Amino acid sequence: MTTAQTDLFDQIKLHAEFLSGKHGKLNRGRQLSLSGVDLTGIKLVGLNLQRAIFQGCRFYCADLRDTDFSQAVLTGCDFSGADLTNARMIWSNLRGADLSRAILKGTRFENADMRPLTEPPVLPHGKGGVVSLSESSLHNTNLSQAKLVGASFVGAVMEGTILEGADLEGADFSYATLNNVQFRNAKLHDANFRLADMDTAVFTTLGNTDAKMPEAVDPAILAETLRLHMRWVETDGQDGRRAQMIGWYLGRAHLTQVNLSGADLRRVNLANANLHGAKLICTDLRDANLMFANLTDADMRGAAVDGARGLPSHVKVG
């Protein structure tokens with residue numbers, strides 16, 4: 001253990017006494033307050049850090065399982081890659097925090113303030129701007145009543161996440177996967193779900209809000225579009241019609257062996273779709289969502305994939 005870490009744990013002991021309150025006429029302990037400290041990889045498991053102050057501190061890849069940060073000040077902190085399984089951040093101030101790629105299984109953020117950080121973050125380790133939960137794992141995570149205005153959930157995997165009553169105005173869920181996510185009474189004005197993948201229940205729930213939703217496609221229209229495109233391919237453009245499917249929602253669709261060579265699939269949502277053996281030669285897939293799509297034996301020679309997300313490393317595009 002380094003000298004700095006020993007000093008930190010001494011401060012944590014004093015903080016525990018601070019939380020215990022007064023003993024007789026004496027004030028015991030001292031509130032933990034750190035600013036701009038690099039705590040990369042530190043192990044703080046199961047501790048009581050309620051009301052502690054960590055401004056602009058770095059917890060990169062730290063082990064923070066079961067730790068209680070309730071009512072703590074965590075503005076501008078970097079929690080990227082940290083394990084926060086079953087941690088508590090209830091009523092905490094997390095403005096401008098970075099929780100990207102974090103493990104948030106069972107983590108509790110009820111009533112947390114996760115709005116953008118407007119004042120400058122503490123350097124050199126501080127973050128700022130909107131709160132990021134990009135590419136994080138949110139399994140049974142409780143974010144009810146949290147203030148998440150403009151937050152980034154880009155690429156996050158959300159299973160059983162609770163967002164009841166949360167303020168999600170302007171939040172970005174692009175490329176996120178949502179299963180059994182609860183949005184009851186959430187504020188969703190301008191929240192962007194256009195490139196998100198979601199189960200039927202979530203899709204139905206969000207369809208009744210003013211969130212930005214992907215374009216649902218009638219199965220009959222999809223079948224006819226594929227038929228006409230196939231004819232267009234077979235006749236070298238002399239008959240049929242090239243498929244223009246810009247921004248369509250085809251998440252979890254069964255498209256095995258489909259021939260969409262030369263089709264315009266910009267910004268199409270194909271997350272979790274089955275494209276086994278599909279022909280996508282010279283297909284325009286720019287900015288498409290291919291997260292968890294099955295592209296086994298797919299032919300993607302010459303496909304345009306700039307900005308596409310989720311393309312498996314084994315798939316050859318050249």
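The values are calculated or read from the model by the stated rules, or taken from the named source; none is laboratory data. All values derive from a computational prediction rather than experimental measurement. Here Cβ is always computed from backbone atoms with ideal geometry, including for glycine, and neighbour counts include all displayed protein chains. In case anyone asks, the SASA skips ligands and DNA or RNA and just uses the protein heavy atoms, side chains included. Shrake-Rupley method; radii C 1.70, N 1.55, O 1.52, S 1.80 Å.
Points worth noting:
- Under the span-like rule (Cα at least 15 Å along the axis, Kyte-Doolittle mean at least 0.0), DSSP H helices of the chain: 219-234
- 25 Å Cα-Cα threshold exceeded, pairs from Lys127/Lys212; Lys43/Lys127; Lys13/Lys127; Lys105/Lys127: Lys127/Lys212; Lys13/Lys127
- Rounded to the nearest 20, the size of the Cβ-charge dipole of the range 177-318 about its Cα centre is 220 debye, with Lys and Arg at +1 and Asp and Glu at -1.
- Here the chain is treated as a sphere whose radius is the Kirkwood value from Cα pairs; by Stokes-Einstein at 4 °C and 1.567 mPa s it diffuses with a coefficient of 61 µm²/s.
- Across the options Leu123, Phe109, Gly160, the greatest Cα extent toward the positive end of the charge dipole of the range 102-199 (unit charges at beta carbon of Lys, Arg, Asp, Glu) belongs to Leu123.
- The fraction of all Cα pairs in the range 179-318 landing in successive 5 Å bins from 0 to the largest distance is 2, 10, 18, 24, 17, 13, 8, 5, 2, 1, 0, given as whole percents.
- Between Ala146 and Asn111, Ala112, Ala166, Asp167, the built amide H atoms are under 5 Å apart, and every one of these is 5 or more places off in sequence or on another chain.
- Of the accessible area of the chain, computed with a 1.4 Å probe over protein heavy atoms only, carbon and sulfur atoms account for 48 percent.
- Global size of the range 1-127: 14.0, 46 Å for Rg and Dmax (C-alpha atoms, Rg to one decimal, Dmax whole).
- Rg/Rh (Cα only; Kirkwood hydrodynamic radius) as it applies to the range 121-221: 1.01
- Inverse of mean 1/r across different Cα pairs in the range 241-318, Kirkwood, Å: 11.7
- Assigned charges on the beta-carbon of Lys, Arg, Asp, Glu; the range 98-225 dipole about Cα centre (debye): 420
- Size of electric dipole in the chain: Cβ of Lys, Arg +1 and of Asp, Glu -1, about Cα centre, debye, nearest 20: 720
- Peptide packing for 174-187, 94-107, 210-223 was compared via the average number of neighbouring C-beta atoms within 10 Å per residue; ordered from the highest value, the list is 94-107, 174-187, 210-223.
- Cα-derived Rg to Rh of the range 162-238, Kirkwood definition: 1.19
- Here the range 200-276 is treated as an ellipsoid with the same Cα gyration tensor; its semi-axes, largest first and in whole Å, are 26, 13, 10.
- Springs between Cα atoms under 10 Å define the GNM used for the chain, and in it the highest mean-square fluctuation of Phe18, Phe153, Phe59 occurs at Phe18.
- Probe 1.4 Å, accessible area per residue of the range 192-318, Å²: 50
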